[in-house]
1. With +1 on the Cβ of every Lys and Arg and -1 on the Cβ of every Asp and Glu, and nothing else charged, how large is the dipole of the chain about its Cα centre, in debye rounded to the nearest 20?
2. Between Ser199, Ser158, Ser40, find the one with the highest GNM mean-square fluctuation for the chain; connect C-alpha pairs within less than 10 Å.
3. Run through region 1-109 and list the trypsin sites (Lys or Arg not before Pro) located in a DSSP loop whose Cβ has at most 11 other Cβ atoms within 10 Å.
4. Which one, Ser23, Leu33, Leu111, is farthest towards the positive end of the dipole of the chain when Lys and Arg carry +1 and Asp and Glu -1 on their Cβ?
5. How large is the helix-only mean residue ellipticity at 222 nm for the chain, computed as the sum of -39500 (n - 2.57) over DSSP H runs with n ≥ 4, divided by its residue count, in deg cm²/dmol to the nearest 500?
6. Compute log10 of I(q)/I(0) for the chain with the Debye formula, placing one identical point scatterer on every Cα and leaving out solvent, at q = 0.09, 0.12, 0.14, 0.15 Å⁻¹, to two decimals.
7. Rolling a 1.4 angstrom probe over the protein heavy atoms, how many square angstrom per residue are accessible across the chain?
8. In whole percent, how big is the carbon plus sulfur part of the accessible area of the chain, probe 1.4 Å, protein atoms only?
Amino acid sequence: MKSKLGYIVLTLAIAQILLIFLSWLITAAAIDLPLRSLLSTEGVRWLFGSFVANQLTPLLVYFITASIAGGVFVHSKFYDALRNAFSKGRVNTELAYRERIGLRLALVEFLLAIVIMLLLTVVPHAILLSVTGQLFPSNFSVSLIPTLSFILLVMSLSYGVTSGTINSVQKLQEMLSVGLETTAKYLPIYVFGVELYMSVLYVFQVGVPT
């Protein structure tokens with residue numbers, strides 16, 4: 001798996017280099033084409049000046065929030081408890097007492113989250129609807145993944161504290177960071193992929209300022 005990720009990163013890096021030189025060659029040979037060169041004065045300025053802005057996409061926020069929530073979900077044993085509780089399509093009554101209490105608390109939090117989200121999105125003139133009354137796009141759609149991640153995080157933490165898998169502040173910190181440690185290997189793909197994508201948009205003059 002790690003080797004495959006390395007090949008993906010290498011492919012993205014090579015594609016970026018090819019795009020830089022091809023944009024220069026094509027614009028030099030056919031000056032009438034509506035393309036921008038990444039080796040022109042403006043192109044070099046854009047490469048250096050826009051890198052940070054290019055990386056600050058919603059995908060980065062989604063990646064971070066989902067990684068944190070996913071790590072706590074798995075390592076607090078909440079995932080295992082859910083799987084064991086409903087193994088073979090029926091409720092398993094062999095869970096420990098604290099595990100059952102943790103699952104019940106998580107269920108209450110889940111139902112409460114649903115009620116709150118319905119109040120924020122379904123009732124007339126709901127706060128999270130767009131100015132035209134739509135869910136997509138709206139503040140709700142923009143924050144959907146972070147919101148779901150937060151709900152899962154709260155449920156997982158509650159289960160972990162109640163069941164005893166999270167029994168100290170140090171353990172809590174470990175839970176909150178383990179997901180990021182696990183998914184960190186995908187960050188180079190994000191960095192190179194986003195930069196290549198934004199560079200393509202710049203070369204073809206699609207919604208990217210100089």
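The values are calculated or read from the model by the stated rules, or taken from the named source; none is laboratory data. Everything numeric here is computed off the predicted structure, so don't read it as measured data. Cβ placement follows ideal geometry from the backbone for every residue including glycine, while neighbour counts extend to all protein chains displayed. Surface areas here come from the heavy atoms of the whole protein model, side chains and all, with no ligands, DNA or RNA. Shrake-Rupley method; radii C 1.70, N 1.55, O 1.52, S 1.80 Å.
1. Computed charge dipole of the chain: roughly 600 debye.
2. Comparing Ser199, Ser158, Ser40 in the GNM, the peak value goes to Ser40.
3. Numbers: sites: Lys2, Lys4, Arg36, Arg45, Lys77, Arg83, Lys88, Arg90, Arg98, Arg100, Arg104; in loops: Arg36, Lys77, Arg90.
Of the trypsin sites (Lys or Arg not before Pro), the ones in loops of region 1-109 whose Cβ has at most 11 other Cβ atoms within 10 Å are Arg90.
4. Leu111
5. Result for the chain: -23000 deg cm²/dmol, rounded to the nearest 500.
6. For the chain at q = 0.09, 0.12, 0.14, 0.15 Å⁻¹, log10 I(q)/I(0) is -0.57, -0.84, -0.98, -1.03.
7. I get 64 Å² per residue for this part.
8. Values: 9710 of 13430 Å².
That fraction is 72 percent.
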